[in-house]
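First the structure, in the form of structure tokens, and then the observations on it.
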Amino acid sequence: MIDEYDKPILDVIEDIEKARRNRDILKKFFEILKFSDPYLKLAFLTGVSRFSKVSIFSGLNQLQDITVDPSFATVCGYPI
């Protein structure tokens, strides 16, 4: 579980250079997950930014947004 994956970027969003640097660091971190795929059954990421709009996940594939999926309502914190 990775909670608030976008926080290092959002904390410095006013300083574009720092935000880009943090984004690049996170991107490298998430690329490692791709190579760990045979060993991972599930990864759960939370954040404020929709991950399809953040380029840090370009090294990953098979991400599924479950934010508004009723099957995961209780996990995501909204009533069915």
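Annotations for the structure displayed:
- Of all residue pairs spaced 6 or more apart or on separate chains, those with beta-carbon atoms under 7 Å, a first member in the range 61-80 that is closer than 19 Å to ASP3 by Cβ and a second member that is not in a helix (DSSP H, G or I) are PHE72/ILE66; ALA73/PRO79; ALA73/ILE80; CYS76/ILE66; CYS76/THR67.
- If you go through the range 69-80 and keep only what is modelled with pLDDT of 80 or more and assigned to a loop (DSSP other than H, G, I, E, B), you end up with just ASP69.
- For the range 1-27, the set of residues classified as touching a residue at least 40 places away in the same chain (Cβ under 8 Å), of a type outside the set (A, V, I, L, M, F, W, C) and surrounded by 11 or more Cβ atoms within 10 Å (Cβ to Cβ) consists of GLU4, TYR5, ASP6, LYS7, listed by residue number.
The values are calculated or read from the model by the stated rules, or taken from the named source; none is laboratory data. In this text the structure is predicted, and so the values were computed from the model without any measurement. Note that we place each Cβ from the backbone using ideal geometry, even for glycine, and neighbour counts take in every protein chain shown.
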